[in-house]
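A.B. asks: After the structure tokens below, expect a handful of questions from me.
The values are calculated or read from the model by the stated rules, or taken from the named source; none is laboratory data. Nothing here was measured: the structure is a model prediction, and the numbers come from that model. Backbone-built Cβ (ideal geometry, glycine too); neighbour counts: all protein chains shown.
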């Protein structure tokens, strides 16, 4: 045994003998700390966002009362010193609602089709196509909104302006559609097969199984998908900035020109607003409002996702 | 009611020692005369609030094969994984008691588990070769231990494969992917891989349960051959297998060590009623 | 209801018809979505292809649409995605390895995980504001490629982390156990076994993240970094820059229809780059994903 090659490295080197104290393995520890640091970057990003937004917004709210900001019905920071965010919020929600009307029903029905009806070969084609479509940049949709959708809307509704909330809604709706389909389809397919079979065994039609068994079983996940889509629609920027226009309007008419929170930030950023001025700080105040709104929807969505997990794990 | 139905079951051929044993088992006296390689003292183990092992005390003699038997969930695998501290990988586990390897405790935070695992090799239930070449699989252990030099590694790889009775089958395909080997070959590769770190204890967690009878038989032959160099602890739910390969057998039930003794003795003349019931197939 | 009738009744026929109608409705919805999206892409090609030529690729922005080009924007974008990949891959994969291989199940890990999921949903323009406050002003990087890349890194980091985590989770635990049982340390196990096995999946995620960085305009506009009238090729990370999507935005927002054509041509270039990236991702998944069968 002593002459065997396998013993070239004797226990003295491998073994735990004589090593009552654990060796330090500095390299391992350094790597552990470095990896921890990488994870910390994500926490620091959130902290950074909050600090930057709150610090500058605090300066803003020293000059403009929060009450005025939240309840004022006019937004005209440059000309009239009016800082009511309601018109921007209204524009944002109007575009979001329009997008939801398009994306949610079409998205859910498509997800049902892919999960319950489509053959696996159809699914294998449609899923990657959806992935590619989800990857098309926002600015491309913005271009389409101006060049294609807006003229179309104006042909049907002559009263619409060149810039209108409807065109923005339509493109944003189709932008978030792939996301709604993907997320909902994953959720629907996660519903156990046994549940479907139980319903079929009781004489249910495919419609019954889908509407009364599968969708209700997946409802938390579907709601989460919808909330994420809404959050995405609210944060959508370039398409909306191009299509919806730049006039803050308190309206629910989708044919009007409106300005969203994101579009406002773009508008100010593009101009040469000097740092430190009140107008410059409006970016941060509006950004904070945007961050809080989307964060609320995201956290809500996470909560629904957690409910799905509880159910199936 | 239940009693009556179980009585109808045939009892005879299930007693494993009725099979002729080709390989002589070590006798009880031989076992008693050997120094303990590992001694486990009042071991308790918990997964969170659930106790998986309670008060297990067992001697594992050097250069013998110790089989751990018992029904599913009895704690035999948990016990095995305590011996090289693989349970450390699982969150929320706790261990009490003492495990001594060659006179030194292996529990406690000061023990270098990495060095421990080099001395206590392990083979898993399902063969788990790395998705790399045959050579790289076997060379991995020495490599991570700092062995450099192709020729040294080659010698270790050859030696390990020879000992695992695989060399003749793979010597021309050392650079092929290990995943191309058959199931039985993969498992012997995993044994060779474990041998390459030059351990003196080899833990085997149901090493043949996923294999066909022919491959199982090869693994059993191998275990018998390895006995003179290594101390082997094997978990099996196949009593015939325990009877065929082991020198000492320990029967676990519901987290407790019910009985341990020389294999001949335990299978022919169990001291406890539960052991008798289990090895005669009344439950489990 | 009659007890043994297997024959169809008016009621069962109606139910079958409704079920049929519903399936048609679902199919129609899917087709509508896919069709509209394909039509939109068709529209872009139709508008942009005639304007796509060598001059577009080699010229700088101009007052005259027929002379305008994307040379600066394209080079800037390539700079941006290169640096973004350089920053986001090590940090993102490192964070994923930490969460999957190092951190114990704890409140801290759940917090980091929840935080990453939320960051993935933060609008990209908010990252632009962070970039403005942090990189452009606080760190005084000005409107440089470096500031832009760092901002984009933060935008895509959640994508990289989540994709890498998923790939790491797909590596069977038996591989880790085998490695640990041979006396490998945690990092040796990760570096020699887990990461190589997870690489195809991680690569796919990284390419998706780079595609996202390539198409993002909002954060760059918000940080005020992307000037649209850059008439030189940026040569170092501290140069000012434009970006392809920002350039497209600028042209699309102008009233003259000629600029819309230039924008469409630039979009064709952008989409081509994105499709190339995606094709690479598919190739990586196919080529390297197949070799490992567990």
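A.B. asks: Going through segment B:249-262 one residue at a time, which ones are touching a helix residue (DSSP H, G or I) at 6+ places or on another chain (Cβ under 6 Å) and within 14 Å of residue B:28 (Cα to Cα)?
C.D. replies: Selection gives B:249, B:262.
A.B. asks: Something else about it: Within the group A:54, A:47, A:33, which residue is out of contact with any helix residue (DSSP H, G or I) (no Cβ under 9 Å at 6 or more places or on another chain), at pLDDT 85 or above and under 30 Å from residue C:124 (Cβ atoms)?
C.D. replies: Result: A:47 is the single residue among A:54, A:47, A:33 that is out of contact with any helix residue (DSSP H, G or I) (no Cβ under 9 Å at 6 or more places or on another chain), at pLDDT 85 or above and under 30 Å from residue C:124 (Cβ atoms).
A.B. asks: Only residues that are farther than 19 Å from residue B:121 by Cα, in contact (Cβ under 8 Å) with a residue 12 or more places away in the chain and not in a helix (DSSP H, G or I): list them for segment B:172-196, please.
C.D. replies: Those that are farther than 19 Å from residue B:121 by Cα, in contact (Cβ under 8 Å) with a residue 12 or more places away in the chain and not in a helix (DSSP H, G or I): B:173, B:174, B:175, B:176, B:177, B:181, B:182.
A.B. asks: Picking from A:118, A:145, A:134, which residue would you name as being out of contact with any strand residue (DSSP E or B) (no Cβ under 8 Å at 6 or more places or on another chain), touching a residue at least 40 places away in the same chain (Cβ under 8 Å) and surrounded by 19 or more Cβ atoms within 10 Å (Cβ to Cβ)? Break it down into steps so the answer makes sense when it comes.
C.D. replies: Values: A:118 fails: touching a residue at least 40 places away in the same chain (Cβ under 8 Å); A:134 fails: surrounded by 19 or more Cβ atoms within 10 Å (Cβ to Cβ).
Just one listed residue meets the conditions, A:145.
A.B. asks: For residue C:105, all conditions in the list (1) out of contact with any helix residue (DSSP H, G or I) (no Cβ under 7 Å at 6 or more places or on another chain); (2) within 12 Å of chain A (Cβ to nearest Cβ); (3) not in a helix (DSSP H, G or I) hold save one; what is the number of the exception?
C.D. replies: Among (1) out of contact with any helix residue (DSSP H, G or I) (no Cβ under 7 Å at 6 or more places or on another chain); (2) within 12 Å of chain A (Cβ to nearest Cβ); (3) not in a helix (DSSP H, G or I), residue C:105 violates only (2).
A.B. asks: If you don't mind, another one. Scan segment B:192-207 for residues that are farther than 18 Å from residue B:159 by Cβ and buried (at least 24 other Cβ atoms within 10 Å of the Cβ) and jot them down.
C.D. replies: B:203, B:204, B:207
A.B. asks: Another question about this same structure. Taking the options C:178, C:164, name whichever one is in contact with a helix residue (DSSP H, G or I) (Cβ under 8 Å, 6 or more places away or on another chain) and within 14 Å of chain B (Cβ to nearest Cβ).
C.D. replies: It is C:178.
A.B. asks: Still on this structure: Out of the residues in segment B:144-171 meeting the condition of being part of a helix (DSSP H, G or I) and at the interface with another protein chain (Cβ under 8 Å from one of its Cβ atoms), tell me which one is farthest from the chain's Cα centre (by Cα). Let's see the steps before the verdict.
C.D. replies: First pass over segment B:144-171, keeping only residues part of a helix (DSSP H, G or I): B:144, B:150-163, B:167-170.
In the following step, the residues that additionally are at the interface with another protein chain (Cβ under 8 Å from one of its Cβ atoms) were identified as B:144, B:152, B:155-156, B:158-160, B:163.
Values: B:144: 23, B:152: 28, B:155: 26, B:156: 23, B:158: 23, B:159: 21, B:160: 18, B:163: 17 Å.
Checking each candidate, the answer is B:152.
A.B. asks: Restricting to segment A:113-129, count the residues that are under 17 Å from residue C:208 (Cα atoms) and either at the interface with chain C (Cβ under 8 Å from one of its Cβ atoms) or modelled with pLDDT of 90 or more (or both).
C.D. replies: 2
A.B. asks: Right, here's the next one. State whether one or more residues within segment B:71-81 are modelled with pLDDT of 85 or more, more than 23 Å from residue C:177 (Cα to Cα) and either over 18 Å from the mean Cα position of the chain (by Cα) or surrounded by 18 or more Cβ atoms within 10 Å (Cβ to Cβ) (or both).
C.D. replies: The answer is no; no qualifying residue exists.
A.B. asks: Then there's this: If I filter segment B:31-66 down to residues being touching a residue at least 40 places away in the same chain (Cβ under 8 Å) and outside any strand (DSSP E or B), which single residue comes out as farthest from the chain's Cα centre (by Cα)?
C.D. replies: Ranking the candidates gives B:48 first.
A.B. asks: Now a separate question. Could you list all residues from segment B:91-111 that are free of Cβ contacts under 8 Å to residues at least 40 places away in the same chain and surrounded by 15 or more Cβ atoms within 10 Å (Cβ to Cβ)?
C.D. replies: Answer for segment B:91-111, where residues must be free of Cβ contacts under 8 Å to residues at least 40 places away in the same chain and surrounded by 15 or more Cβ atoms within 10 Å (Cβ to Cβ): B:104, B:106, B:107, B:111.
A.B. asks: Among the residues of segment C:81-102, what is the count of those that are away from chain A (no Cβ under 13 Å) and surrounded by 19 or more Cβ atoms within 10 Å (Cβ to Cβ)? Steps first, answer last, please.
C.D. replies: In the first step, residues of segment C:81-102 are kept if they are away from chain A (no Cβ under 13 Å); the result is C:82-86.
Still in the list and also surrounded by 19 or more Cβ atoms within 10 Å (Cβ to Cβ): C:83-85.
Residues that pass the stated criteria total 3.
A.B. asks: Confirm whether residue C:141 is at pLDDT below 90, within 11 Å of chain A (Cβ to nearest Cβ) and surrounded by fewer than 23 Cβ atoms within 10 Å (Cβ to Cβ).
C.D. replies: Details: at pLDDT below 90: yes; within 11 Å of chain A (Cβ to nearest Cβ): no; surrounded by fewer than 23 Cβ atoms within 10 Å (Cβ to Cβ): yes.
So residue C:141 fails the test.
A.B. asks: Out of segment B:152-161, which residues are free of Cβ contacts under 8 Å to residues at least 40 places away in the same chain and buried (at least 17 other Cβ atoms within 10 Å of the Cβ)? Even if it seems obvious, please write down each step before you answer.
C.D. replies: Filtering segment B:152-161 down to residues free of Cβ contacts under 8 Å to residues at least 40 places away in the same chain leaves B:152-155, B:157-161.
Answer for segment B:152-161, where residues must be free of Cβ contacts under 8 Å to residues at least 40 places away in the same chain and buried (at least 17 other Cβ atoms within 10 Å of the Cβ): B:153, B:157, B:158, B:159, B:160, B:161.
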